[in-house]
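Student: Quick one: structure below, then a few questions.
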Amino acid sequence: MSSPSASAPGQAAPPAPEDWFSRVDHCWCGGRPREVSPCSESYFVCERCGTHVSQRRLHAHRVADFYSMEGYWHARQREKAHPTLLERRSVLERDGRVDRWVESIEAHTGKPAGSVVVEVGCAEGTLLSRLQSKGWIPCGVEPDPSTATAVSRATGLDIRAGTFPGVAVPACDLFVACDVLEHALDPQGFLLSAWQALRPGGTLFLQLPLMVPGEPDFGGITPKVFDPWEHAFIFSRDSVATLLAATGFTVLSNDRSWIRAHEFVVARKNPALPRLHRYIANLPEMFSAPWRDFMDELNRFAAPLGLREFRTWSKIWEYPALWRAGLDSIDWNRSRLLDIGSELSALPWWLASRGARVTLIETSENFVEHWKFVREKLGLYDRVDWHIVQSSDLPVADGSIDVVTSLSVIEHQPDKVRAVDEVARVLRPGGLFALSFDLAEPELGMTYPAWNGEALTRAKFEALLGHHDTLELTTPLDWNHEDIAAFAAWHRQTAPHHTYVTGAAVLRRVPHGWPTLRRRLRHAYSRLKARFAR
């Protein structure tokens, strides 16, 4: 192994060559740097979830080398004044750490007889041995083969060598990772795989350093916690809750610890509910690779044109949600798009660059000069035009539009019934109406600022759009209620007034003559209901 390079005062010398690492400029969630971490200049704070992220990342193929028996569990631990692998068992038993782990685990799990526990990063196996004595069937994982073999021989436990999730583990009822998640190169992938390993209703137990309200750092051990060679991510209580919600878990407890920088997080596996479309914004989709990839592409398109880039707002769910709900299957070379409330949205221009003929709709001329600049920059003189209107009436001929897009506009429209009917009028039969909307449910403690208009509720959405005379939802209306709490918690972190959630839906214009008398009567009733709901 090469000689380690110099390290920061109070921090152990790096145990690996520089070329084992690469530079990093984004968080697990896809977010970019908001600022340099006040705890270490080697970390940045994510703009999107608030996690502190190391600007260097160990290469995946070097994990086993880095966490080797001699290099990590002996030399590295001595440098940091931590117990070596052979010393850990007596230290953990003596300082009461294992007792606290078991106490917290037992508070959230049932009888262990016949239940399987998997511990990734099990080290010397002290916790697994204790759980085995209480009736659990244990399985441990360590990345370094030599370490796994030594621990298995010393304890008789089933210890598997490999970097999780690249190593097979049995289906389990309890998944444990103590002082591991902050090391994970891909914490989202790690927890998604943990979710897969857990049986329905299974429990996840983590120990990791967490930034907590009222404490700006970890005191005297801050340099050890913010160790960019080992700790890829330092989470806060909020950001770890966001990560868990995005990977299919509900947090049961994250307000306890053994000592500072050894906080406990206990979570339960959520069931996977089959849905054709998730109408309400949710963290699992928003932080998934397809959603992040779409927003990255749209933001790259927007940046050189001075159009709006969306990185932290709910739009990072709304845009890809509508794209994947039907806009991605359209032949834009043969389509005419009407975008309502265009402002400086990149979407209509991006679609124009893909061949669409686009008409922008706004209520003032504030953006016209910039539209002219973008149209000239892209050379789309015959592809993009616009209208400035002061009402919900659209200056477009009946049945002349293939797709209408409207992102977070309907809450600003005072006559929502008229606005939707106008969309239906201008769409051709079979045309699509793709809209996102703010959703505020007072009974769930949500509020909506009066200066921003009037948000829909689920009942108002159903009255306005669920039973329209000439528009029908492309997927059955099936509210994903289970996602509301987690998304609302994240949304409140992005702005003080975001005390509501958002939704998205795609509707299709039914063919002429399609509506039956029953449908017309239902639509008339819904129109009245929607008006009186205001």
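Student: Which residues, taken from the range 42-56, are in a strand (DSSP E or B), touching a residue at least 60 places away in the same chain (Cβ under 8 Å) and within 23 Å of Trp291 (Cα to Cα)? Even if it seems obvious, please write down each step before you answer.
Tutor: Applying the first criterion (in a strand (DSSP E or B)) to the range 42-56 yields 43-46, 52-54, 56.
Going one step further and asking which of them are touching a residue at least 60 places away in the same chain (Cβ under 8 Å), we end up with 43, 46, 52-54, 56.
Cys46, His52, Val53 - these are the residues of the range 42-56 that are in a strand (DSSP E or B), touching a residue at least 60 places away in the same chain (Cβ under 8 Å) and within 23 Å of Trp291 (Cα to Cα).
Student: Looking at this structure, is Arg100 farther than 30 Å from Glu297 by Cα and at pLDDT 95 or above?
Tutor: On the way: farther than 30 Å from Glu297 by Cα: yes; at pLDDT 95 or above: yes.
So Arg100 passes the test.
Student: A follow-up question, please. Give, as residue ranges, the helices (runs of 4 or more DSSP H) completely inside the range 278-363 that count at least 1 residues that are modelled with pLDDT of 95 or more and acidic (Asp, Glu). Working first, answer last.
Tutor: Working: elements: 283-286, 289-302, 315-324, 347-353.
By residue number, 283-286, 289-302, 315-324.
Student: Can you tell me how many residues in the range 65-97 are surrounded by fewer than 19 Cβ atoms within 10 Å (Cβ to Cβ), hydrophobic (A, V, I, L, M, F, W, C) and touching a residue at least 24 places away in the same chain (Cβ under 8 Å)?
Tutor: Counting residues in the range 65-97 that are surrounded by fewer than 19 Cβ atoms within 10 Å (Cβ to Cβ), hydrophobic (A, V, I, L, M, F, W, C) and touching a residue at least 24 places away in the same chain (Cβ under 8 Å) gives 2.
Student: Kindly indicate whether Asp469 is touching a Pro at 6+ places or on another chain (Cβ under 8 Å) and not small (Gly, Ala, Ser). Steps first, answer last, please.
Tutor: Working: touching a Pro at 6+ places or on another chain (Cβ under 8 Å): yes; not small (Gly, Ala, Ser): yes.
Yes.
Student: Another one. What number of residues within the range 428-453 are of a type in the set (Asp, Glu) and in contact with a strand residue (DSSP E or B) (Cβ under 9 Å, 6 or more places away or on another chain)? Full working, then the answer.
Tutor: Narrowing the range 428-453 to residues of a type in the set (Asp, Glu): 438, 441, 443.
Still in the running and in contact with a strand residue (DSSP E or B) (Cβ under 9 Å, 6 or more places away or on another chain): 438, 441.
Count: 2.
Student: Continuing with this model, one more query. From the set of residues in the range 201-258 that are in contact with a strand residue (DSSP E or B) (Cβ under 6 Å, 6 or more places away or on another chain) and among the charged types (D, E, K, R), which is surrounded by the most Cβ atoms within 10 Å (Cβ to Cβ)?
Tutor: It comes out as Arg237.
Student: When the range 29-41 is examined, which residues are found to be in contact (Cβ under 8 Å) with a residue 12 or more places away in the chain and not in a loop (DSSP other than H, G, I, E, B)?
Tutor: Initial filter on the range 29-41 (in contact (Cβ under 8 Å) with a residue 12 or more places away in the chain): 29-34, 37-40.
Pro33, Arg34 - these are the residues of the range 29-41 that are in contact (Cβ under 8 Å) with a residue 12 or more places away in the chain and not in a loop (DSSP other than H, G, I, E, B).
Okay, residues lined up against (1) assigned to a helix (DSSP H, G or I); (2) farther than 20 Å from Val180 by Cα; (3) out of contact with any helix residue (DSSP H, G or I) (no Cβ under 8 Å at 6 or more places or on another chain):
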| position | (1), (2), (3) |
| --- | --- |
| Val117 | no, no, no |
| Ser146 | yes, no, no |
| Arg153 | yes, yes, yes |
| Pro165 | no, no, no |
| Ala168 | no, no, yes |
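Student: Let me ask something else about it. Which is surrounded by fewer than 19 Cβ atoms within 10 Å (Cβ to Cβ) and under 12 Å from Val404 (Cα atoms), of Arg324, Arg308, Arg300, Arg336? Spell out the reasoning first.
Tutor: On the way: Arg324 fails: under 12 Å from Val404 (Cα atoms); Arg308 fails: under 12 Å from Val404 (Cα atoms); Arg300 fails: under 12 Å from Val404 (Cα atoms).
Among Arg324, Arg308, Arg300, Arg336, only Arg336 is surrounded by fewer than 19 Cβ atoms within 10 Å (Cβ to Cβ) and under 12 Å from Val404 (Cα atoms).
Student: Mind counting the residues in the range 226-249 that are under 20 Å from Asp25 (Cα atoms) and hydrophobic (A, V, I, L, M, F, W, C)?
Tutor: The number of residues fulfilling the criteria is 8.
The values are calculated or read from the model by the stated rules, or taken from the named source; none is laboratory data. Owing to the predicted nature of the structure, the values given are computational and were not obtained by experimental measurement. Note: ideal-geometry Cβ built from the backbone for every residue, glycine included; neighbour counts use all protein chains shown.
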